[in-house]
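Each remark here refers to the structure printed beneath this line.
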Amino acid sequence: MSNKSDFKQLMSNREELYRFFARLFQKEIDEAFFEQLRHVKFPMDREETQLTEFSDALLRLNEYFEYDAGETLDDLAADYAKTFLGAGIVEGHAAFPYESVYTSPKRIMMQNAWNEVTDIYMNKGIEMSENAGDLKADHIAIELEYMAFLCDDTSQHTETLFGLEEQKEFLNRHLLNWVPEFCLDIKYYADTEFYRMVGQLTTGFLQFDSFVLDSMIAARKARISVTRSFRVDRSRLDEILDGLKKDYHIFGPKRYRDRGMRETDGLIRYSEINSLDEIVNNEQSDFSPKEVFYPIASSLFRFDENSVTETINNDPKGIIIFARPCDIEAVRRLDNIFLANGGSSDVYYKVARDKVKFFMMECPQSWENCTCVSMGTNRTENYSIAMRLGDQSGYTQKDREDRLREGIQDGRDNGRIREVIDLQVKDGEFLDLFLEEEEIRYEPRFIEHNEKDLKIPQIDDPSLLPAIYNLEFWQKYNDECISCGGCNAVCGTCSCYETIDFMDQDNSRKGERRRIWSSCMRPEFSRTAGGNVIRKTPDVMMRFKVLHKVYDYNKRIGGNEHMCVGCGRCTKRCPEDISYIDTVNQLYDEVERLKAERG
Amino acid sequence: MEKNKILPQPHKILSMLRHTDTECTFRVACDNEPNFGQFFMLSLPKVGEAPISASGKGPGYVEFTIRNVGLLTQAIFDLVPGNSIFLRGPYGNAFPVDKFENKDLLVICGGTGMAPVLTMLNHFYDHPEVCKSVHIISGFKNIQAVLFREEIEKFSRRFDMIATLDNEVAPGFETGMVTKHICKIPIKSFVDYNIVIVGPPIMMKFAAMECMKNGADESKIWVSFERKMSCGVGKCGHCRVGDHYVCLDGPVFNYTEAKTMMD
């Protein structure tokens, strides 16, 4: 059983226990539930025996069922009404199960605490169910139910730290803030041993669970940064990936022989893979990995004429992407747009992006149009695992010789060279998978030199911009560029989109709104109401695109990074052989010329 | 979990006021009160979504004056009160109306450019004490293109109102581009003032230049940009101009900033 499934099991056990406790307070006990209580299994680790409240309560629970206390279900029902509803006694003398009662100065219902938890539920997008009856949002049963919901919610996500912290926050700020006092009141007001025991058991469980949460959070935080390297047999790594498929969709650059524009070697784009052999390592992919979590087209919501239903991806599996350093760096640019620009996050992007972990593939070489060194994106730190992934076709003779010299020859397997992969694990979640492998010293090797350099225009004075906009050299693109938008499609950082409504084929009253990538190299990109087009011709569209990549993005976001990561795909893809690299370099020269003219 | 900012909700059309064959004001039930100059994203299922300025507001409703120029607006025109329209917003910044208090105000608008300033002008109409004086120059291509006739008549009762047609002669209208009439406004005699210009990009540029020629300071000029965004929250990229996003940083810009924004 993997760690992941252990974790899911634990979350599901906790969910059940919270639901169980919620039921205890929701209404009177019936026969079936009483039997369930007799057999319920509570977690109890030896280490936590210092939590005496809980262990005492468990002993008491066992005793209760071993030695019949002589309490009938009717007795319990009467005691429930008396203790929690204050039936038959002077008002104010009962254990009223509402947080507001215990936290407001006047000890009355529907105060601040009620407001707070109502907001919390609403922000989480959940509504009080019908069968909550007249229970208010801060009733103990509802708060316990919410914890159960959070347990399930957390187990749906790949990144669990946030969910666990959310649980801890609610438990500490709400339940544990009043339930212990409430349970002392139960002890005081209840007539039956059953409810007095329930009181102690509830407090004990909540304290115990808070302890469990603390240790899970601490473990996760401790595991977040590890740096250990291993040498793994290629076949073993395949087995490991196979195991990971239970919890992850695994994507890598894959070749489609019958596709592609140039009809040479097909098309390489990101797709789900089943084994390392499917990954193309000795060539650059035609498309960037962005389509894995930001697809060309995706549904935003379904609609009919009078309502909308958000399309949320409920796939609990995570996503692993085998990606190059520049492509991983490109994702940070997308994050800046979708998660930061304008101070809000795009929910659809965030849901998908939160699931993504990168397995970084070293580049075996710098390709023809790579300028990652100029853009500072040749290195990345943002990976769970980094690896040197030679594949059969990608090995040069020299590689093999080097490997033999490094002493890997002892691993001859039936006369063949043993294929090994060196890797570095930085994400504690994956560490356990490699602990039995040979630990080595390996640091990922990054490209330090490209054939071409990209000179980033140095526009330090914005008053230069009008002259830059009016440069004559833009106009040549009116002859060269055909506005196909291919450069935007393959770009790892182009993030623009538009929306389109689709009708269902079988019911024209229903449909969905999708968003699809859109291209600033197409005139319709800048169309406004009434059909006016702001940027009509390739010269101004090219200017708009290029300046965004090497000036405007940086000016808005700040720091040192530019939107372009120098992957060179736009140059490779262009059917008219327009070199983006030449364009930017020429712009650099023109800017220098303008500056010199100004003196 | 963060709120989904791009999910619209259906809102009932309360009433429709048809001005001409191609323009109509829709009053829609809505509690999200827009500020002067803000816009909403309006959409209809199966047709699409577009940004539209609020042209009026009141308790529990928002008004949109829509000109029938495309697929979406055509489909909206086919609706009747009681139907639903999908809405999200309001988005963008607003005219700095507090800066306009006790000062002279000149509003220059071309074509549909009047819609984004309508709520503000109605506010000043109802509260004539707010501004020291209000001058309006509203230009249209020709008599068929004239919008907001009732408003123009109403405003001319309380404000200094010039309505003009680019190259047609018609009763009640001057002739010539808005730029031709700017010299009639005593900008030089204003002690403190603001100028709001809304219309097509070219018109805004030339109107601003003409105002400056007549003694206006560029920092006193405010313009509002029109772009067709797909999100309204800084993600879709359609309204980006240089390092500005019209939906986030605008649509209202001071001219000192606007003059640097090139497409």
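A short reminder: the numbers here are calculations on the coordinates, not readings from a lab. Just so you know, these numbers come straight off a predicted model, no measurement behind them. Here the Cβ is made from the backbone with ideal geometry for all residues, glycine too, and neighbour counts use every protein chain on show.
Points worth noting:
- For the stretch B:97-258, alpha-carbon Rg over 2.2 N^0.38 Å: 1.03
- As a proxy for reagent exposure, ranking A:THR118, B:THR164, A:THR377 by other Cβ atoms within 10 Å from fewest up yields A:THR118, B:THR164, A:THR377.
- Under 5 Å, built H, 5+ apart or other chain: amide partners of A:VAL356: A:ILE319
- Cross-link pairs beyond the 19 Å C-alpha cut-off, checked among A:LYS455/A:LYS536; B:LYS99/B:LYS205; A:LYS41/A:LYS82; B:LYS132/B:LYS188; A:LYS290/A:LYS355: A:LYS455/A:LYS536; B:LYS99/B:LYS205; A:LYS41/A:LYS82
- Legend: calculated FRET efficiency, A:SER5 to B:THR175, from the Cβ-Cβ distance at R0 = 56 Å, rounded to 0.05, equals 0.10.
- Per-residue shielding of B:224-235, expressed as the average number of other chain Cβ atoms within 10 Å of the residue Cβ, stands at 6.
- 10 °C / 1.306 mPa s Stokes-Einstein diffusion coefficient of the protein assembly as shown, Kirkwood radius on C-alpha pairs, µm²/s: 50 µm²/s
- Under 5 Å, built H, 5+ apart or other chain: amide partners of B:ILE136: B:VAL107, B:ASP160, B:MET161, B:ILE162
- Restriction of the trypsin sites (Lys or Arg not before Pro) in the stretch B:138-176 to DSSP coil positions whose beta-carbon has at most 16 other beta-carbons within 10 angstrom yields B:LYS141.
- 13 Å Cα-Cα reach of A:LYS595 towards aspartates and glutamates, excluding residues that sit fewer than 8 places from it in its own chain: A:ASP460, A:ASP461
- Counting Cβ atoms of other protein chains within 10 Å of each Cβ in A:496-507 and taking the mean gives 4.
- Computed from backbone phi, the HN-Hα couplings of the stretch B:18-28 come to 8, 8, 9, 4, 10, 9, 7, 9, 9, 9, 10 Hz, rounded to whole numbers (Karplus: 6.51 cos²θ - 1.76 cosθ + 1.60, θ = phi - 60°; Gly and Pro given as x).
- The mean count of C-beta atoms from other chains within 10 Å of the C-beta of residues in A:549-561, rounded to a whole number, is 2.
- Put a plus charge on the Cβ of each Lys and Arg, a minus charge on the Cβ of each Asp and Glu, and nothing anywhere else: the dipole of the stretch A:3-223 about its Cα centre is then about 680 debye.
- Amide H contacts under 5 Å for B:HIS19, placed H, 5+ residues apart: B:CYS24, B:THR25
- Cα lying deepest toward the dipole's positive end in chain A, options A:TYR383, A:VAL584, A:CYS363, charges on Cβ: A:VAL584
- Note, ³J(HN,Hα) from phi for the stretch B:32-38, Karplus 6.51, -1.76, 1.60, rounded to Hz, x at Gly and Pro: 7, 6, x, 7, 4, x, 7
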